[in-house]
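Participant: Let me give you the structure first, and then I'll get to my questions.
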Amino acid sequence: MKKRSHKTYWIGFCVVVALLAAAPLALPDFWRRFLTEILIWGLLAMSSDLLVGYTGMLSFGHSAFFGLGMYGAAAALLTVSPPNLWLAVGCGLVGAAGVALFAAYFSTRLRDIYFAITTLIFSQIFYVIIFTWTDVTGGENGLTFRRPPLSIPWIYATPFTNETLHWFVLAVVTASYLILRRITQSPFGMVLQSIRENENRTRAVGYPVERYKVVAVMLSGLFAGLAGVLYAIQNRFAAPDFVYFLVSGETVIFNVMGGIGTLIGPIVGAGFFLLLRETLSRFFTEYYLIPVGMMFIAMVIFMPQGLLGFARNWLNR
Amino acid sequence: MSAILEIFAAIPYDQVLIQTVNGIVTGMILALVASGLTLIFGIMDVVNFAHGELFMLGAYIGVVVLATTGSFWLALLIATLIVALLGAALQIVTLRPLLGRDPLTTILATFGVSLVLQNYALWQFGPVARKIQEPITGSFQLLYLEYPWYRLLIAALSAAIIGALWLFLKFGTWGIWIRAATQDRVMAQAMGIPVPWVHTGVFAIGAGMAAASGVLFGPLVGVTHAMGLDWVLKAFIVVVVGGMGNLGGSIAAAVFISLLEAYASIWVSPAQAVIVSFVVLILTLLIRPTGLFVPTPK
């Protein structure tokens, strides 16, 4: 029985990836771009799911990791010429990891609500720094840059087209998903889940809980930074708005709507939220957050498992 | 020796005096906001993410009432009452179903509330900042500045409201119920205290205090839909630095942090002075995670 459902999982996985890969060939330009964005926001949501869903730490600071990924990529693209894709990815990851280490060192001393608040305040610290340090970060206007070519180092380089950009994002997100899935199923991931279930008992068994938490925050920050790099490459700019706490809030919304602790759920949540925003903003213009917020409250109260919660066992075996 | 004297000589004492007064005034407002937040947290284990939005809504209701009646004090009273009622309604609708669940879900619910309220205010009142006219316009000479009396009045009023809250908690029947529910929720329930209604009442009081501080603070800055977030962040810092759920600690921390920020803004821009409070928070987390202004737990 177990083996068979394993097989259905992989078949389903391949079908979804194949559909997503084929999508840009069939979709009009607007929806292709939309789909790419869903994937990027989905990666951000997935990274925070490692904390919210698996370790039981609600992070309100993911915008800092995402934003530093963007600014790291921007720094690499602006200073080195010709712009190099992999250098941008590397710099973005280093930036995000640095911030994550800094935030993790302080905030993992606290639990539950205190953790949520300190991560929020940390993201605001970085927002203020980026917003006011105009000489380096461009302040309110942010930074704009050219998109680097898609390259395999020393072998091959070609400019990004709309389709290859989508495929590149899809490849990165799929790889990240597989890595994250592996992490959550590894012994390390099991310890994280036991921290979620009962932190004191985990400590009593002999695991250095704080160290596990720091590593969890760093891993989560790395993937959030990767999402930031992708977003920077797609949109060719880095702006302080993306370090602002609203992005963290949206990440939490993606998680709750899609279903925490499922990895797939947050991507679904991101897609659901973006679609909702797209349709609702036709009726409510920029006030779409009023109905979305109400729906969010209702989901917190009545549907704590999220859209995908009921399918969790089936998906994450 | 002379180097130390030079440093002391370089401090602009006149500005320090002015910033001390400024810091105490904003500190008292912040204490009013934070004491509502800490009261709600201490009793219900709820971090009210929507606290800044209640503050902002209070200020807007103050604007509307002031425009129709022309009386600032009526505006203060009505805004407080309306937002307190709204707070009670919000607690019943969104937080009561979450009783007994993971406290983290209450952050999510109040975060949703803050989104709705903030966008409602944007929709209803537009993005242009509104102004509340101060009720008294006189000023006195503070060194070379014309310092408005109204600022001192705010500090006094905030202190009076906090004092009234303290007396109420100490001697009022509801106050005693509230303290009982803080100490032991189950036992309080067993003694016949209507704990769910105590929770609703506490949320209403906290919301009302946020609204009152919104109206009081309105004349100093413009009233905008986004004014809440700055305050709720600062109030969070105050509550953590002062020790979660500790009323006296919050007040001390509010004045402490506001003073530090005021002094910092002598040398750097106010936007960067915010960093000072962040640093205080980080140091608190490192040295005394239970809070700076609480006695050492035994």
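The values are calculated or read from the model by the stated rules, or taken from the named source; none is laboratory data. Worth saying up front: this structure is predicted, and the values here are computed from it rather than measured. Note: ideal-geometry Cβ built from the backbone for every residue, glycine included; neighbour counts use all protein chains shown.
Participant: If you go through the range A:65-79 one residue at a time, do you hit one that is within 14 Å of another protein chain (Cβ to nearest Cβ) and closer than 23 Å to A:I253 by Cβ?
Facilitator: Taking every residue of the range A:65-79 in turn, none turns out to be within 14 Å of another protein chain (Cβ to nearest Cβ) and closer than 23 Å to A:I253 by Cβ.
Participant: Only one of A:L276, A:L230, A:L222 is surrounded by 24 or more Cβ atoms within 10 Å (Cβ to Cβ) and in a helix (DSSP H, G or I); which?
Facilitator: Among A:L276, A:L230, A:L222, only A:L230 is surrounded by 24 or more Cβ atoms within 10 Å (Cβ to Cβ) and in a helix (DSSP H, G or I).
Participant: With respect to B:G52, determine if the residue is away from every other protein chain (no Cβ under 12 Å), part of a helix (DSSP H, G or I) and under 18 Å from the mean Cα position of the chain (by Cα).
Facilitator: Judged against the criteria, B:G52 is not a match.
Participant: Looking only at the range A:239-259, which residues are of a type in the set (A, V, I, L, M, F, W, C) and within 10 Å of chain B (Cβ to nearest Cβ)?
Facilitator: Matches in the range A:239-259: A:F245, A:L246, A:V252, A:I253, A:V256.
Participant: Tally time: how many residues in the range B:229-257 are within 12 Å of chain A (Cβ to nearest Cβ) and either touching a helix residue (DSSP H, G or I) at 6+ places or on another chain (Cβ under 7 Å) or at pLDDT 85 or above (or both)?
Facilitator: Qualifying residue count for the region: 14.
Participant: Among the residues of the range B:24-38, are any part of a loop (DSSP other than H, G, I, E, B), in contact (Cβ under 8 Å) with a residue 12 or more places away in the chain and not β-branched (V, I, T)? Even if it seems obvious, please write down each step before you answer.
Facilitator: The initial filter retains those residues of the range B:24-38 that are part of a loop (DSSP other than H, G, I, E, B), namely none.
No, because not a single residue in the range B:24-38 is part of a loop (DSSP other than H, G, I, E, B), in contact (Cβ under 8 Å) with a residue 12 or more places away in the chain and not β-branched (V, I, T).
Participant: I'm trying to understand the selection: among the residues of the range B:239-257, which are in contact with a Ser or Thr (Cβ under 7 Å, 6 or more places away or on another chain), in contact (Cβ under 8 Å) with a residue 60 or more places away in the chain and part of a helix (DSSP H, G or I)?
Facilitator: B:V239, B:G242, B:L247, B:S250, B:I251, B:I257 - these are the residues of the range B:239-257 that are in contact with a Ser or Thr (Cβ under 7 Å, 6 or more places away or on another chain), in contact (Cβ under 8 Å) with a residue 60 or more places away in the chain and part of a helix (DSSP H, G or I).
Participant: Which one of B:T80, B:T20 is surrounded by fewer than 21 Cβ atoms within 10 Å (Cβ to Cβ) and either away from every other protein chain (no Cβ under 14 Å) or not in a helix (DSSP H, G or I) (or both)?
Facilitator: Just one listed residue meets the conditions, B:T20.
Participant: While we're on this one: Name every residue in the range A:166-219 that is of a type in the set (A, V, I, L, M, F, W, C), surrounded by 12 or more Cβ atoms within 10 Å (Cβ to Cβ) and closer than 24 Å to B:P103 by Cβ, in order of residue number.
Facilitator: Answer for the range A:166-219, where residues must be of a type in the set (A, V, I, L, M, F, W, C), surrounded by 12 or more Cβ atoms within 10 Å (Cβ to Cβ) and closer than 24 Å to B:P103 by Cβ: A:V191, A:L192, A:I195, A:V209, A:V214, A:A216, A:V217.
Participant: Also, I was wondering about something else. So which of B:L286, B:L260, B:L281, B:L216 ends up being part of a helix (DSSP H, G or I), within 12 Å of another protein chain (Cβ to nearest Cβ) and in contact (Cβ under 8 Å) with a residue 24 or more places away in the chain? So that I can check it myself, show each step before the final result.
Facilitator: Working: B:L286 fails: in contact (Cβ under 8 Å) with a residue 24 or more places away in the chain; B:L260 fails: within 12 Å of another protein chain (Cβ to nearest Cβ); B:L216 fails: within 12 Å of another protein chain (Cβ to nearest Cβ).
The unique qualifying residue is B:L281.
Participant: While we're here: Just to check your reading of the model, which residue among B:G87, B:G58, B:G62 is buried (at least 23 other Cβ atoms within 10 Å of the Cβ), closer than 17 Å to B:L37 by Cα, more than 14 Å from every other protein chain (Cβ to nearest Cβ) and in contact with a Leu (Cβ under 7 Å, 6 or more places away or on another chain)?
Facilitator: B:G87
Participant: A further question follows. Which residues, taken from the range B:32-45, are among the aliphatic types (A, V, I, L, M) and within 13 Å of B:A204 (Cβ to Cβ)?
Facilitator: First, the residues of the range B:32-45 that are among the aliphatic types (A, V, I, L, M): B:32-34, B:37, B:39-40, B:43-44.
The answer is B:L39, B:I40, B:I43, B:M44.
Participant: When you go through (1) within 7 Å of chain B (Cβ to nearest Cβ); (2) of a type in the set (V, I, T); (3) surrounded by fewer than 18 Cβ atoms within 10 Å (Cβ to Cβ) one by one for A:I152, which number turns out not to apply?
Facilitator: (1)
Participant: So, of the residues in the range B:90-117 that are more than 7 Å from chain A (Cβ to nearest Cβ) and in contact with a Leu (Cβ under 8 Å, 6 or more places away or on another chain), which turns out to be surrounded by the fewest Cβ atoms within 10 Å (Cβ to Cβ)? Write out each step before concluding.
Facilitator: We begin by selecting, within the range B:90-117, every residue more than 7 Å from chain A (Cβ to nearest Cβ); these are B:90-93, B:95-96, B:99-102, B:106, B:110, B:114, B:117.
Pick out the ones that are also in contact with a Leu (Cβ under 8 Å, 6 or more places away or on another chain) and you get B:106, B:110, B:117.
On the way: B:T106: 24, B:T110: 25, B:L117: 22.
Going through the qualifying residues, I end up with B:L117.
Participant: Can you tell which of A:L120, A:L170, A:L165, A:L178 is part of a helix (DSSP H, G or I) and over 25 Å from A:F242 (Cα atoms)?
Facilitator: On inspection, the qualifying residue turns out to be A:L178.
Participant: Just need a number here: residues in the range A:133-143 that are exposed (fewer than 14 other Cβ atoms within 10 Å of the Cβ) and not in a helix (DSSP H, G or I).
Facilitator: Qualifying residue count, the range A:133-143: 1.
Participant: Consider only pairs whose beta carbons are under 7 Å apart and that are at least six residues apart or on different chains; among these, list those whose first residue lies in the range B:176-188 and is without any contact (Cβ under 8 Å) to a residue 12 or more places away in the chain and whose second residue is among the β-branched types (V, I, T).
Facilitator: B:R185/B:V195; B:A188/B:V195
So that you can scan it fast, the table gives a plain yes or no per residue for (1) charged (D, E, K, R); (2) at pLDDT below 85:
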residue: B:G87; (1), (2): no, no
residue: B:V93; (1), (2): no, no
residue: B:L98; (1), (2): no, yes
residue: B:L117; (1), (2): no, no
residue: B:P127; (1), (2): no, yes
residue: B:K131; (1), (2): yes, yes
residue: B:S139; (1), (2): no, yes
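Participant: What pairs can you find where one residue is in the range B:102-123 and within 13 Å of B:V232 (Cβ to Cβ) and assigned to a helix (DSSP H, G or I), the other is modelled with pLDDT under 85 and among the polar types (S, T, N, Q), and their Cβ atoms are less than 8 Å apart, with a gap of 6+ or different chains?
Facilitator: Cβ pairs passing all conditions: none.
Participant: Output the residues belonging to the range A:100-136 that are among the charged types (D, E, K, R) and either facing another protein chain (nearest Cβ under 9 Å) or in contact with a Phe, Trp or Tyr (Cβ under 8 Å, 6 or more places away or on another chain) (or both).
Facilitator: A:R109, A:D112
Participant: With (1) crowded, with 22+ Cβ neighbours inside 10 Å; (2) more than 22 Å from B:I43 (Cβ to Cβ) as the list, and B:I251 as the residue in question, which single condition is left unmet?
Facilitator: Unmet for B:I251, out of (1) crowded, with 22+ Cβ neighbours inside 10 Å; (2) more than 22 Å from B:I43 (Cβ to Cβ): (2).
Participant: Could you list, in sequence order, all residues of the range A:286-308 that are at the interface with chain B (Cβ under 7 Å from one of its Cβ atoms), in a helix (DSSP H, G or I) and either surrounded by fewer than 19 Cβ atoms within 10 Å (Cβ to Cβ) or of a type in the set (V, I, T) (or both)?
Facilitator: Matches in the range A:286-308: A:Y287, A:I290, A:M294, A:I297, A:V300, A:I301.
Participant: Return the residues of the range B:1-17 that are part of a helix (DSSP H, G or I) and in contact (Cβ under 8 Å) with a residue 60 or more places away in the chain; say none if nothing qualifies.
Facilitator: Passing the criteria: B:D14, B:Q15, B:V16, B:L17.
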